[in-house]
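Peer 1: Quick one: the structure is below, questions incoming.
The values are calculated or read from the model by the stated rules, or taken from the named source; none is laboratory data. From a predicted model like this one, the values you see are computed outputs, not experimental measurements. Here the Cβ is made from the backbone with ideal geometry for all residues, glycine too, and neighbour counts use every protein chain on show. Accessible surface is based on the protein model in full, side chains and every heavy atom, while ligands, DNA and RNA are left aside. Shrake-Rupley method; radii C 1.70, N 1.55, O 1.52, S 1.80 Å.
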Amino acid sequence: MVFEMSDDPRQRGFIEAANTDGSDVSITGDPGDLPDDVDSVLSGLLTDHDVDHYPGGAVIGWFAPNGLADASVRDPIDVESDPHPFDRS
């Protein structure tokens with residue numbers, strides 16, 4: 001698991017497929033204080049996702065700072081069809 005902090009004016013954290021092969025995910029943006037059981041929470045949120053199938057940086061979900069357990073997680077079909085929904089340049 002990779003945790004990256006960045007300045008995001010929208011004040012939210014993102015769960016993204018990591019840029020490496022395997023089943024890793026990254027938490028980026030402004031996640032606030034992550035819970036001690038972050039791995040367990042992520043496992044529960046991503047039960048239906050085959051994250052090693054997604055391209056690096058694919059947005060799987062987002063959450064308010066300090067609200068990982070209440071994350072909005074996208075359906076796997078949506079992640080596959082539009083892995084980068086906020087990248088509209």
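Peer 1: Please go through region 27-55 and pick out each residue that is small (Gly, Ala, Ser) and either at pLDDT 90 or above or over 18 Å from Arg74 (Cα atoms) (or both). Break it down stepwise before answering.
Peer 2: Taking region 27-55 first, the residues small (Gly, Ala, Ser) are 29, 32, 40, 43-44.
The answer is Gly32, Ser40, Ser43, Gly44.
Peer 1: Can you tell me which of Ser81, Ser43, Ser72 is surrounded by fewer than 15 Cβ atoms within 10 Å (Cβ to Cβ), within 18 Å of Thr28 (Cβ to Cβ) and of a type outside the set (A, V, I, L, M, F, W, C)?
Peer 2: On the way: Ser81 fails: within 18 Å of Thr28 (Cβ to Cβ); Ser43 fails: within 18 Å of Thr28 (Cβ to Cβ).
Just one listed residue meets the conditions, Ser72.
Peer 1: Considering (1) modelled with pLDDT under 90; (2) open to solvent by 80 Å² or more (accessible area, probe 1.4 Å), say which one Gly22 fails and leave the rest.
Peer 2: Single failed check for Gly22: (2).
Peer 1: Any residue in region 27-36 that is touching a residue at least 40 places away in the same chain (Cβ under 8 Å), in contact with a Phe, Trp or Tyr (Cβ under 6 Å, 6 or more places away or on another chain), not in a loop (DSSP other than H, G, I, E, B) and not β-branched (Val, Ile, Thr)?
Peer 2: No, region 27-36 has no match at all.
Peer 1: While we're looking at this one, here's another question. Mind checking which residues of region 69-89 are more than 13 Å from Leu46 (Cβ to Cβ) and more than 12 Å from the chain's Cα centre (by Cα)?
Peer 2: Asp70, Ile77, Asp78, Glu80, Ser81, Asp82, Pro85, Phe86, Asp87, Arg88, Ser89
Peer 1: Looking at (1) in contact with a strand residue (DSSP E or B) (Cβ under 7 Å, 6 or more places away or on another chain); (2) in contact (Cβ under 8 Å) with a residue 40 or more places away in the chain, find the lone condition where Tyr54 falls short.
Peer 2: Among (1) in contact with a strand residue (DSSP E or B) (Cβ under 7 Å, 6 or more places away or on another chain); (2) in contact (Cβ under 8 Å) with a residue 40 or more places away in the chain, the lone unmet condition for Tyr54 is (2).
Peer 1: Restricting to region 46-69, give me the number of residues that are open to solvent by 30 Å² or more (accessible area, probe 1.4 Å) and part of a strand (DSSP E or B).
Peer 2: Of region 46-69, the ones open to solvent by 30 Å² or more (accessible area, probe 1.4 Å) are 47-48, 50, 52-53, 55-56, 62, 64-66, 69.
Cutting the leftovers down to part of a strand (DSSP E or B) gives us 62.
Of the residues in region 46-69, 1 are open to solvent by 30 Å² or more (accessible area, probe 1.4 Å) and part of a strand (DSSP E or B).
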